[in-house]
Amino acid sequence: MRALTRRLRAAGFRLRTPRTHEMNTLYDLPGEVLRSRKELLRLRKYGLRWTLTHKAKGKAGRHSSRVEMETGVADGKKMDLILRALGYSPSFRYEKFRAEWTYGKGHVVVDETPIGNFCEIEGAPRWIDETAKKLGVTAADYITKNYAGLFAEWKEEAKSRAEEMTFKSVAARSKISRRS
């Protein structure tokens, strides 16, 4: 993590948001309607801010791209109740610590998650590739999966019984798996 921070500073990036805790809850309808349409409905608490996000089906390829609509929410607990009243229920929870860096026409987020550290480069495809090169990331290192997909892969590899990608759940289930 320190090496990446040094490379970001050397490339001219400035820290926009210091390391901040983030908790995300994905919602879906019975029968996983949104998931089957490759859509996502997320309620996020980032520091003290709450946001509700809908992501539409994206384009596959070397760079991930999805139409995203997002709005601030004054009270996340009430928003959860509204979503539940409309028939949505939590389908997946994940947490991380995120730091945001900015430079030019894009930005880089650095996520510390219970299953490892990830870096997301956001911007136009050419800018992403140029930035990745500056940071020592090759196209072969690109990951376009979302956290639910990464968690499912990690669970299988780690033989973990964790049901959500939270620090508490992953740590507790990892201890149980090792004892089994």
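Residues in segment 135-156 that are closer than 18 Å to Lys96 by Cα and assigned to a loop (DSSP other than H, G, I, E, B): Ile143, Thr144, Lys145, Asn146.
Within segment 30-62, the set of residues being surrounded by 12 or more Cβ atoms within 10 Å (Cβ to Cβ) and touching a residue at least 60 places away in the same chain (Cβ under 8 Å) comprises Leu40 only.
Residues of segment 56-82 being out of contact with any Pro (no Cβ under 6 Å at 6 or more places or on another chain) and part of a loop (DSSP other than H, G, I, E, B), which ones? Write out each step before concluding.
Here is the first cut: in segment 56-82, the residues out of contact with any Pro (no Cβ under 6 Å at 6 or more places or on another chain) are 56-62, 64-82.
Listed by number, the residues that qualify are Ala56, Lys57, Gly58, Ala60, Gly61, Arg62, Ser64, Arg66, Val67, Ala74, Asp75.
Among the residues of segment 105-122, those identified as open to solvent by 40 Å² or more (accessible area, probe 1.4 Å) and either touching a Pro at 6+ places or on another chain (Cβ under 6 Å) or without any contact (Cβ under 8 Å) to a residue 40 or more places away in the chain (or both) are Lys105, Phe118, Glu120, Glu122.
The values are calculated or read from the model by the stated rules, or taken from the named source; none is laboratory data. Since the model is a prediction, treat every value here as computed from it, not as a measurement. Cβ atoms come from the backbone with ideal geometry, glycine included; neighbour counts cover every protein chain shown. In case anyone asks, the SASA skips ligands and DNA or RNA and just uses the protein heavy atoms, side chains included. Shrake-Rupley method; radii C 1.70, N 1.55, O 1.52, S 1.80 Å.
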